[in-house]
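Below is one structure, written out as structure tokens; the observations come after it.
The values are calculated or read from the model by the stated rules, or taken from the named source; none is laboratory data. This structure is a prediction, so every number in the text was calculated from the model and none was measured. Note that we place each Cβ from the backbone using ideal geometry, even for glycine, and neighbour counts take in every protein chain shown.
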Amino acid sequence: MWRSVQRWRGVVIIGTMAAITLWLAVTGQLALYIHPRYNVFTVTMAVIAVVLAVASVAGRRDHDDEDAPPPRRSQRALGLTAAAVAGLFTLGMVLVPPASLSTATADQREMNATAGGDEASLAAASTADEASIARFTVREWAAILRQTSDLSFFADKPVTDLVGFVIADEDDPENVFYVSRFVVTCCAVDAQPLGVPVHLPDWAGTFEPDSWVSVSGEFASNPSSSSLQSVAVIPDTVDPVEQPREPYLF
Amino acid sequence: MSSPSLDSSRAPGPHEHDHAGDDHGGRDHAGHDHAVQPRGARRRPAHYLWLVGGIGLLVTMVALRSITAETGPWGLPNPVQDLLTLSTSVVVESLPFIVLGIALSILVQVWIPEHWLLRILPRNPWGRRAVISLFGMFLPVCECGNVPLARGLVRRGFTIPESMTFLVAAPILNPVTIITTHQAFGFDDGILVARLLGGFLIANVLGWLFSKHPDPHSLLSGRFAEQCRLDDGHGHGHTHSRREQTLDLFVRESSILMPALVIGSLVAGGIQVIVPREVLVSLGSDPLLSVLAMMVLAFVISICANVDSFFILPFASTFLPGSIVAFLVFGPIVDIKMLALMRTTYSTRTLVQLTTIVALMSAGLGLVVNYVA
């Protein structure tokens, strides 16, 4: 029993994980975990892992490390625990539906701490035409808000169908929320939350945190007295929407 | 796989079977190694059963996955769900590198003639280590893939300090890392140059320090030392065909590395759910504290050297360049996931020493860059 677990745990885990990775790739959900630029590499290696895992199981035979001295009891316990933890985690990958990161992680990572600060994006935004402004995502708006709070800049630049999940503004949770997206540079571990503040008194009566919305409206001076954001969107419409297939921005 | 046709599997004859799969091993030894015959005879009928079983298991897993995906979210509490998402993302990101590492390790141990690797090395120990620290240039694996590769090198006759030099240098001095770091930073603030020189320097100093150790084998973990001893005793590479050795190594390496990878990823994910990021980011502009904060961040986040430049790029505006260098040098060598992986090969004591040396040198490097640049 001990030897079989010790010997085969890795093959079962690596085979299962590779198979799940392939399933994620086929169903387009790999983007929940890694940047799409790694998709080809990840899928190639997963195929190799599946082939090697199946071949190892099929080519099963007796092994020379079986005449190794029996391990100490403590070692055996440690090995079995490691196998159990890894096995449970693998089972979690099989059974728990894939999900995007939630407000729990956004709360731990300072909102807009890493919004792009380059002046080029601001310059580009000030000369952008209506059509491209209408396509701005949370990323562009967050970069602009980081650099200017000059209301005249926002005068003829409305927010159109800005999609993101809802997260409360810590300083005025009742009246202000962020339309937020995670920006991922490599994998979900490095996801950074970016958000655009929206002023909507008593928003929590209509929307749950973590739910996805689409916001249209105009930027204006933030009416909230306690929020630290001087500019916020005064929404014309806030509509609930489905979570996009690629919830993160890359 | 070079398995025999169905016909030959029905018509018995262990010899024939061995010949079908083996290039030389089975044939040479069938006569005087009596263990081979019963093995061949027993494997034949089971062979296909296990093949079907293995495929069946994977298909079942994928089927289960598709079914459970549709039954909707389980309503796990947010932090738990995020812990799972974060850890899974570390696993999914590292898995291909682990597979690549195991594959290259198999290549080095089984398919490349022993003398190739050892012949190109200079005899002088400093020269040897210097050349070994450049191995990453043609074995472009990031740090998690390097662990199986370093294990392979030890079993292939490299000394243990040399394996460490390789392990430390290769993730930094490798083409993929150099390209991504250059894409992210160009030659700004000397970050790229400091990273490369720093990695080279640390790897060689580390190798030199450990080469002074009176009993290098005590640097290894008990289990790995045991395996190396078994290898020596059995004269591996003669009794089994290369195909069998390949599969054997795959089974063995995955058995050791996968639990370590999972546990490392879980701890890395867990810390990120618990510790607020702003605690680290608020330290960004102090020359000393920023270096330490970035090293802690590198330790916690545990992402691969091939991609960490993209991760750290957004922080470059708030953090001093020396702290970015410290992140880029320290992170590939020591982090939570790597410690779990390295523990499969080196003893805890060795890892404490290694971490201390690398941390001190990375911090020193970061401070120098901060005060000079």
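Numbers below:
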| read-out | value |
| --- | --- |
| Any hit, region B:327-350, residues being more than 23 Å from the chain's Cα centre (by Cα), under 25 Å from B:PRO79 (Cβ atoms) and away from every other protein chain (no Cβ under 12 Å) | no |
| Scope region B:239-263; condition part of a helix (DSSP H, G or I) and either acidic (Asp, Glu) or surrounded by fewer than 20 Cβ atoms within 10 Å (Cβ to Cβ) (or both); matching residues | B:ARG242, B:ARG243, B:GLU244, B:GLN245, B:ASP248, B:GLU253 |
| Conditions (1) of a type outside the set (Phe, Trp, Tyr); (2) buried (at least 23 other Cβ atoms within 10 Å of the Cβ); (3) more than 15 Å from the chain's Cα centre (by Cα): number failed by B:PRO113 | (2) |
| Some residue of region A:181-194 being part of a strand (DSSP E or B) and among the basic types (Lys, Arg) | yes |
| Flag if B:VAL99 is within 7 Å of another protein chain (Cβ to nearest Cβ) and surrounded by 14 or more Cβ atoms within 10 Å (Cβ to Cβ) | yes |
| Single condition B:ILE106 does not satisfy, out of (1) under 28 Å from A:THR185 (Cα atoms); (2) within 14 Å of chain A (Cβ to nearest Cβ) | (1) |
| Residue in region A:174-186 that is touching a Pro at 6+ places or on another chain (Cβ under 8 Å), of a type in the set (Asp, Glu), in contact (Cβ under 8 Å) with a residue 40 or more places away in the chain and over 16 Å from A:PRO247 (Cβ atoms) present | no |
| Residue that is nearest to A:THR21 (Cα to Cα), among those in region B:36-74 that are among the polar types (S, T, N, Q) and modelled with pLDDT of 80 or more | B:SER66 |
| Test for B:ARG343: is it surrounded by fewer than 24 Cβ atoms within 10 Å (Cβ to Cβ), among the charged types (D, E, K, R) and closer than 28 Å to A:ILE13 by Cα | yes |
| Hits in region A:190-213 - residues which are buried (at least 16 other Cβ atoms within 10 Å of the Cβ) and more than 18 Å from the chain's Cα centre (by Cα) | A:PRO197, A:VAL198, A:HIS199, A:LEU200, A:TRP203, A:PHE207 |
| Some residue of region B:89-99 being modelled with pLDDT of 85 or more and in a loop (DSSP other than H, G, I, E, B) | no |
| Subset of region B:162-217 [part of a loop (DSSP other than H, G, I, E, B) and either more than 25 Å from B:LEU367 (Cβ to Cβ) or under 17 Å from the mean Cα position of the chain (by Cα) (or both)] | B:ALA170, B:PRO171, B:ILE172, B:LEU173, B:ASN174, B:LYS212, B:HIS213, B:PRO214, B:ASP215 |
| Scope region B:112-131; condition without any contact (Cβ under 8 Å) to a residue 60 or more places away in the chain and assigned to a helix (DSSP H, G or I); matching residues | B:GLU114, B:HIS115, B:TRP116, B:LEU117, B:LEU118, B:ARG119, B:GLY127, B:ARG128, B:VAL131 |
| Which numbered condition A:ALA131 fails, given (1) in contact (Cβ under 8 Å) with a residue 12 or more places away in the chain; (2) closer than 25 Å to A:TYR248 by Cβ; (3) part of a helix (DSSP H, G or I) | (1) |
| Failed item in (1) more than 7 Å from chain B (Cβ to nearest Cβ); (2) more than 25 Å from B:TRP50 (Cβ to Cβ); (3) at pLDDT 90 or above, with A:VAL85 passing the rest | (1) |
| Residue match in region B:303-325 (condition: acidic (Asp, Glu) and within 14 Å of another protein chain (Cβ to nearest Cβ)) | yes |
| Single residue of A:GLU170, A:GLU140 found to be assigned to a loop (DSSP other than H, G, I, E, B), out of contact with any strand residue (DSSP E or B) (no Cβ under 6 Å at 6 or more places or on another chain) and closer than 26 Å to A:ASP239 by Cβ | A:GLU170 |
| A:THR44 being in a helix (DSSP H, G or I) and either within 8 Å of another protein chain (Cβ to nearest Cβ) or modelled with pLDDT under 80 (or both) | yes |
| Qualifying residue in region B:145-158 (condition: outside any helix (DSSP H, G or I), within 29 Å of A:ILE34 (Cα to Cα), modelled with pLDDT of 85 or more and out of contact with any Asp or Glu (no Cβ under 6 Å at 6 or more places or on another chain)) | no |
| Subset of region A:111-157 that is away from every other protein chain (no Cβ under 14 Å) and crowded, with 19+ Cβ neighbours inside 10 Å - its residue that is modelled with the lowest pLDDT | A:ALA125 |
| Filter pass, B:VAL91 being under 20 Å from B:PHE224 (Cα atoms) and within 14 Å of chain A (Cβ to nearest Cβ) | no |
| Among residues of region A:173-202, those that are away from every other protein chain (no Cβ under 11 Å) and farther than 19 Å from A:ARG146 by Cβ, counted | 6 |
